[in-house]
Amino acid sequence: MMQLWERGPQRPTDLARLLGSDAATMTRTIQRLEKAGFVRRLSSPIDKRATIVEPTAASNALRQEVERVWLDLESSVAGGLTPDQQTEAIEVLSRIEDSLARATTHTG
């Protein structure tokens with residue numbers, strides 16, 4: 001939802017790429033969000049074969065609460081770190097994520 005709120009309506013393939021997901025997982029996620037009333041799928045005005053996913057008023061109503069919870073989580077996890085330590089932790093975790101992604105690509 002945060003990607004849709006921040007970047008606006010997206011194609012499912014673009015969302016999958018942004019989130020490092022596969023197409024099947026993204027399709028199931030979008031279906032669940034649509035069933036819950038948080039997103040809607042529309043035909044692309046540019047390419048009628050493509051689908052665009054956009055947030056609904058129901059999800060927009062939750063945005064401030066979700067962002068507040070996210071900030072609380074960040075604070076509880078990294079609140080005791082200095083800004084330099086936070087930057088270093090993010091860099092290390094990004095390298096670990098990249099390594100895991102490469103490992104799963106080579107083994108799968």
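Since every read-out is calculated from the coordinates, none of them should be taken as a lab result. From a predicted model like this one, the values you see are computed outputs, not experimental measurements. In this analysis, Cβ positions are derived from the backbone assuming ideal geometry, glycine residues included, and neighbour counts consider all displayed protein chains.
Quick notes on this one:
- Cα lying deepest toward the dipole's positive end in the chain, options V66, L4, Q85, charges on Cβ: L4
- Coupling constants for the range 48-53 follow from the phi torsions by the Karplus curve (6.51 cos²θ - 1.76 cosθ + 1.60, θ = phi - 60°), and in residue order they are 4, 7, 8, 10, 10, 10 Hz; glycine and proline get x.
- In Å, descending, principal axis extents of the Cα set of the chain: 47, 39, 23
- In this label model, A24 and R68 are separated by 3.9 nm, measuring between points 7 Å along each Cα→Cβ vector.
- Gained length - E91 relative to V77, 0.36 nm times residue gap less alpha-carbon distance: 3.5 nm
- FRET efficiency for R17 and A57, using Cβ-Cβ distance with R0 set to 35 Å, rounded to 0.05: 0.85
- Amide H contacts under 5 Å for V39, placed H, 5+ residues apart: E34, T56
- A cut-off of 5 Å between modelled amide H atoms, ignoring neighbours fewer than 5 places along the same chain, links A50 with S44.
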